[in-house]
Protein chains: 2
Amino acid sequence: MERQRRIPEATVARLPVYLRTLLEVQTDGVTTISSERLAELAGVNAAKVRKDLSYLGSFGTRGVGYDVDHLLVQMSRELGLTRDWPVAIVGVGNLGAALANYGGFGDRGFPVAALIDADPTKVGTTFGGHTIRHLDDLPALVDELGIAIGIIATPAAGAQEVADRLVAAGVTSILNFAPAVVTVPAQATLRKVDLALELQVLSFYGQRDSIGSSLREELGVTAEAKNSAV
Amino acid sequence: MERQRRIPEATVARLPVYLRTLLEVQTDGVTTISSERLAELAGVNAAKVRKDLSYLGSFGTRGVGYDVDHLLVQMSRELGLTRDWPVAIVGVGNLGAALANYGGFGDRGFPVAALIDADPTKVGTTFGGHTIRHLDDLPALVDELGIAIGIIATPAAGAQEVADRLVAAGVTSILNFAPAVVTVPAQATLRKVDLALELQVLSFYGQRDSIGSSLREELGVTAEAKNSAV
DNA sequence: CCGACCTTGTTCTCTTGTTCACAAAGTGCC
DNA sequence: GGCACTTTGTGAACAAGAGAACAAGGTCGG
């Protein structure tokens, strides 16, 4: 399959899981790992692991497995994690503030570089080491700080406008937490995290469960289907 | 398709989006909606909308469209949203605290009924109107409060144990925010929200974009693939 | 140097999901 | 009451993804 360059969407979404898993085993001193073992740790099928890794033009060694360090280098490069990507959080309400405080971003190469809000009473105040800037300053901030990713944490009503402004300012990667449908032009990439949606999906399957397991098979609700998001 | 009862996973994940959209148009006084219009508002294909709704045993009216109220009733029932589902948040760190404060859950029928932590210095303190309880109290809390859904907001290291304890206490719906692979028995439903993963996926496509749009077509990175998570 | 053993890379098949296209069904004007 | 028009419901083609299975390739003991 010599270094093929079209990586399927589903594979891209699994690479970060492999990456995290490999980092863990690396700190345990493991230097080589088989697809079987990696699959077990990552919670997926071994054949899938091998197929996914083969897209990286991977060099596993038959009979042995994959070199952990080498795999980490390849994967980091493929995911573009060899550099930091500064993030701007737009909307410093409950959720935005929480995300700003959440250390998990900076640790993983996504430093929070700016907090942005449209509310004049918030602009100028300091939060978690950042002075909140006005949405109108967005283009300047993108230039100054090299913002690569925008996180929308506004109420639903403002989400589309924020997305439009982010794109206009040159930010082409957007993560939307607002419970609203947002569209962006083709050159931009948008992903969403919808907390209420997740709970509602759980509600669907949870309700099904409570009608009794004897019926479940008949209704066709299988364990695989229920857990497919993981 | 007379009232068929196997609803595909992909459809289940879209029902909440339709639901939200319908609630919006309902407040605008709209009583009837076509699949075309609903598709536009929900950001999906019209044929997909019709097929999804047909799984509800839906009664649209040809030549007219769907009755908004009726659709909302059917959909709420199907998703199990005719009652509240009390939620327990396990892990009151940065993220857990944020989720506890986030009003979006209670509003949508998922009241936060308990905050749980394993840290003795946190147990007994009050946060957002809730006294933080110890993880050991979980079974009692499930019985007392009818906890239906558990949210894991602990560090990665503790996630699996919390999941095990939730399942043991009778909670079969789990939403995992911890950056760790968690597995549950088949009778339980697990979904995950992985913030770092989302950013890493954005990084992948963002990096691709920066090599120039002329190459993009050749590399096969299409707008559809990039936006498929939305 | 050879053979037993192990693990990868890849092909093939099956399942799931998406989209098109069109017949069926109902509305409302004339 | 009939006809033109609209929109649904669904069959069928197509695309994407998952997983089983196996040949190819490499290791390591003897």
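The values are calculated or read from the model by the stated rules, or taken from the named source; none is laboratory data. Keep in mind the model is a prediction, meaning the values are calculated, not measured. As a convention, Cβ positions derive from the backbone with ideal geometry for all residues, glycine included, and neighbour counts pool all protein chains shown. Areas reflect the complete protein model, heavy atoms only, side chains present, ligands, DNA and RNA absent. Shrake-Rupley method; radii C 1.70, N 1.55, O 1.52, S 1.80 Å.
In the stretch B:39-91, the qualifying residues are those that are among the charged types (D, E, K, R) and assigned to a loop (DSSP other than H, G, I, E, B), and the one that is surrounded by the most Cβ atoms within 10 Å (Cβ to Cβ) is B:D84. Confirm whether A:V112 is within 26 Å of B:G104 (Cα to Cα) and either in contact with a strand residue (DSSP E or B) (Cβ under 6 Å, 6 or more places away or on another chain) or among the aromatic types (F, W, Y) (or both). It is true that A:V112 is within 26 Å of B:G104 (Cα to Cα) and either in contact with a strand residue (DSSP E or B) (Cβ under 6 Å, 6 or more places away or on another chain) or among the aromatic types (F, W, Y) (or both).
Looking across B:L190, B:L215, B:L219, B:L202, one residue alone is out of contact with any Ser or Thr (no Cβ under 7 Å at 6 or more places or on another chain) and at pLDDT 95 or above. It is B:L190. Scanning the stretch B:167-191 for residues that are touching a Pro at 6+ places or on another chain (Cβ under 9 Å) and closer than 18 Å to A:G104 by Cβ yields B:A178, B:P179, B:A180. Looking across the stretch A:60-102 at every residue that is within 14 Å of another protein chain (Cβ to nearest Cβ), of a type in the set (S, T, Y) and more than 30 Å from A:V123 (Cβ to Cβ), the one that is nearest to DNA strand D (Cβ to nearest atom) is identified as A:S76. Scanning the stretch A:30-47 for residues that are near DNA strand D (Cβ under 10 Å from one of its atoms) and away from chain B (no Cβ under 14 Å), we see that the one that is farthest from A:L15 (Cα to Cα) is A:T32.
Farther than 23 Å from A:Q160 by Cβ, open to solvent by 40 Å² or more (accessible area, probe 1.4 Å) and within 13 Å of DNA strand C (Cβ to nearest atom): is that true of B:R14 in this structure? Answer is no for this residue.
To keep it simple, each residue is scored yes or no on (1) under 25 Å from B:T189 (Cβ atoms); (2) acidic (D, E); (3) out of contact with any Ser or Thr (no Cβ under 6 Å at 6 or more places or on another chain).
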{"site": "B:V12", "(1), (2), (3)": "yes, no, yes"}
{"site": "B:G29", "(1), (2), (3)": "no, no, yes"}
{"site": "B:A39", "(1), (2), (3)": "no, no, yes"}
{"site": "B:A46", "(1), (2), (3)": "no, no, no"}
{"site": "B:R50", "(1), (2), (3)": "no, no, no"}
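Residues that are at pLDDT 95 or above, more than 28 Å from B:T21 (Cβ to Cβ) and assigned to a loop (DSSP other than H, G, I, E, B) do occur in the stretch A:148-159, at least one of them. With respect to (1) over 22 Å from B:N101 (Cβ atoms); (2) surrounded by 20 or more Cβ atoms within 10 Å (Cβ to Cβ), the lone exception for B:L195 is condition (1). All of (1) out of contact with any strand residue (DSSP E or B) (no Cβ under 8 Å at 6 or more places or on another chain); (2) in contact (Cβ under 8 Å) with a residue 40 or more places away in the chain; (3) under 30 Å from A:T154 (Cβ atoms) hold for B:L99 with one exception: (1). From the list A:A140, A:A178, the lone residue that is hydrophobic (A, V, I, L, M, F, W, C) and in a loop (DSSP other than H, G, I, E, B) is A:A178.
Within the stretch A:100-128, the residues that satisfy the criterion of being farther than 25 Å from B:Q207 by Cα and open to solvent by 70 Å² or more (accessible area, probe 1.4 Å) are A:N101, A:P120, A:T121, A:T126.
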